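Below: one structure in structure tokens.
Derivation of every value follows stated rules applied to the coordinates shown; laboratory data play no part. Computed from a prediction, not measured in an experiment: that's the story for all the values here. Neighbour counts are summed over all protein chains in view; Cβ atoms, including those assigned to glycine, are modelled from backbone coordinates with ideal geometry.
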Amino acid sequence: MINMLVVNKNADERHLWVNQLIKDGYHVVPACPDLSAFVCALAKEKVDIAICSVNLIEKNAFAVLKATMEFFPRVKIIIVGVMSHETKAIILQNLTGVVIRNTFGVDIDKHWGFSIETGMGQINDIEQSLLLLLDEHFLSNEEAALLLKRVMPQWSPGYTVIGVVASSCYMQAYEAILETLDEMKQGFALRVRFNETCVIMDGSPDEALCFRMADALRHALLDKTRASFSIGISRERAQASELYACRKEAQRAASAAYLYGRDSVTHINYLCENDIEYIYPAHKEKRMIEQAMDGNRQEALRMLDEIFQVVKEREFLHRDLVNKVALSIVIKLNIAAISRAKALGKTQADAISFGKPFLAKSVEEAHLFLKDGIRDFADEMEAFNDLRKDALYIRLVKMKAEKPHLCVADLTKAFHTTVNFLNSAIARNSDGSIFDFLSDSEEEWL
């Protein structure tokens, strides 16, 4: 999946570009209004292509862009807008790899001629996109739907995953599965892990059809291979963003060999008909706590909202179970806080004490309680980090006064930190980015 970044001072145009890219099925990281935010975004986000408006080309822009391209050589930069021949010549001469386009277009491959290559092949390859959806990901429901629609436009909800876990003769088993699917012209196979193959069925297949498919795979493996295997079938889910849960269910059903034996087919409902163990986004809970510890209130709250979206959709959950989910989050956050106790001088803010989750009388009340607690905790951590950034900035100013011509590599080595932390310290105490801070103020390229 290609990750796009829009950098444009014009807010209306910026939103227009972002919306058009999203509509066309690209994943867009948060847009930036200036080059300082652009540098910060490159340091924090995985960006493949940055689309920059010509309205960014002003004093020191070339110095910042050149330094940025040297430090982030994998990012492709496209400058959009009409400019003079002299300015265009300077860009093409000094910024190797930049592409200039007079107007904005969204079809990267056809209109701009970009094809992003990785060690695994093209980044928008079908198997890579399905691998992302089947694994624990951080895409929203809308992003997941757009991604699946882009790579498999003929597919329709709902989705069921059949998981084949082989404990021997892996490639033999994989080839037999592919051959069987080709004969039946049904489903799509993807080897997700070294000993696992997922067959994804779409169009709301009924349980009988899933069993027929799984049974056909079982007979093929017995007839054509010497593989030892187990086959699991997930529940049907309507959203592309929940394919990872289907895969986890299929894995669990396939692993139930103690109950149902090897070389067999098992449906997840045989183990438990009504649970949220597989759909509950534990990976998002983990990220939420990490982001709160880093002082990133916005991302922590976004993860919390996505967790509770899943909880709210499970109408069969009793209120006391929801309260226990909230309590579990509080406990994990307290455990994480212990690691910072020495720095903070205390282990916990009062807003996320243990007793309060039991007082919530609804899912919404439990959600609101956690929102308040995580917001307070993240703000406390951010204040602590801001003190560190202020101290670092004072040292940076002193170092630059002693040695005017510095580079980013010098600073990261000298302070044993990252370009992102250096940049955030500078952005907090000045109007520019780290590359503005290091560039000669009198140097003008235009």
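Looking only at L396, L190, L147, which one moves most when the chain is put into a Gaussian network model with springs between Cα atoms under 10 Å?
It is L396.
How much FRET efficiency would the formula 1/(1 + (r/R0)^6) give for Y270 and L387, where r is the Cβ-Cβ distance and R0 is 51 Å, rounded to 0.05? Intermediate results must be reported in sequence, preceding the final value.
Values: r = 55 Å, r/R0 = 1.09.
The pair Y270/L387 has a calculated efficiency of 0.40.
On to the next question. Let's test the formula: R0 of 56 Å, r as the Cβ-Cβ distance of L222 and V397. What FRET efficiency results, to the nearest 0.05?
Details: r = 72 Å, r/R0 = 1.29.
It comes out at approximately 0.20.
Could you check the spin-label model distance between S204 and S156? Points 7 Å from the Cα along Cα→Cβ, value in nm.
0.9 nm
Can you work out the Karplus-derived ³J(HN,Hα) for every residue in the stretch 8-19? Use 6.51 cos²θ - 1.76 cosθ + 1.60 with θ = phi - 60°, whole Hz, and x for glycine or proline.
Ordered by residue, 3J(HN,Hα) equals 7, 6, 7, 4, 5, 5, 4, 5, 4, 5, 4, 4 Hz.
Which order results if T266, T417, T103 are arranged by neighbouring Cβ count within 10 Å, fewest first?
Numbers: T266 23, T417 14, T103 8.
Neighbour counts put them in this order, fewest first: T103, T417, T266.
Still on this structure: Which of rounded, prolate or oblate describes the stretch 3-118 when judged by the alpha-carbon gyration tensor and an a/c cut-off of 1.5?
Values: a/c = 1.29, a/b = 1.24, b/c = 1.04.
Cα axes put the stretch 3-118 in the rounded bin.
Below 8 Å, C-alpha to C-alpha, sequence gap of six or more: please give me the relative contact order for the chain in percent.
Values: 682 pairs, mean separation 59.9, N = 446.
In percent, rounded to a whole number, it is 13.
Still on this structure: May I ask you to sort Y244, Y393 by Cβ crowding, counting other Cβ atoms within 10 Å and putting the fewest first?
Details: Y244 23, Y393 19.
Ordered by Cβ neighbours within 10 Å, fewest first: Y393, Y244.
Stick to the Cα atoms of the chain, pair each with every other, and give me the Kirkwood hydrodynamic radius in Å at one decimal. Working shown, then result.
Values: mean 1/r = 0.0397 Å⁻¹.
For the chain, the Kirkwood estimate is 25.2 Å.
Take the alpha-carbon centre of the stretch 186-244, take the same for the stretch 251-273, and report the distance between them in whole Å.
Cα centroid to Cα centroid, the span is 13 Å.
Sticking with this one: Take K324 and K361, extend 7 Å from each Cα along the Cα→Cβ direction, and tell me the distance between the two endpoints in nm.
About 2.3 nm separates the two model spin labels.
Set the bar at 22 Å for Cα to Cα. Now go through K23/K248; K248/K286; K46/K332; K248/K284 and name every pair that lies beyond it. All intermediate terms of the calculation are to be shown ahead of the outcome.
Details: K23/K248 30 Å; K248/K286 17 Å; K46/K332 28 Å; K248/K284 15 Å.
Pairs exceeding 22 Å: K23/K248; K46/K332.
For an R0 of 22 angstrom, estimate the FRET efficiency from the Cβ-Cβ distance between N94 and D410 and round to the nearest 0.05.
On the way: r = 22 Å, r/R0 = 1.00.
For R0 = 22 Å, the calculated efficiency reads 0.50.
Residue separation times 0.36 nm, minus the C-alpha to C-alpha distance between D294 and T103: what's the value? Present the calculation step by step, with values, prior to reporting the outcome.
Numbers: separation 191, 0.36 × 191 = 68.76 nm, distance 3.92 nm.
Stretched out fully, the D294 to T103 stretch lengthens by 64.8 nm.
Just to confirm my numbers, what's the Cα centroid distance between the stretch 289-303 and the stretch 26-78 in Å?
Their Cα centres are 24 Å away from one another.
Another question, if that's okay. Quick one: which residues, 5+ away or cross-chain, put their amide H under 5 Å from the amide H of I77? H built at 1.01 Å from N.
HN-HN under 5 Å from I77: A50, V99.
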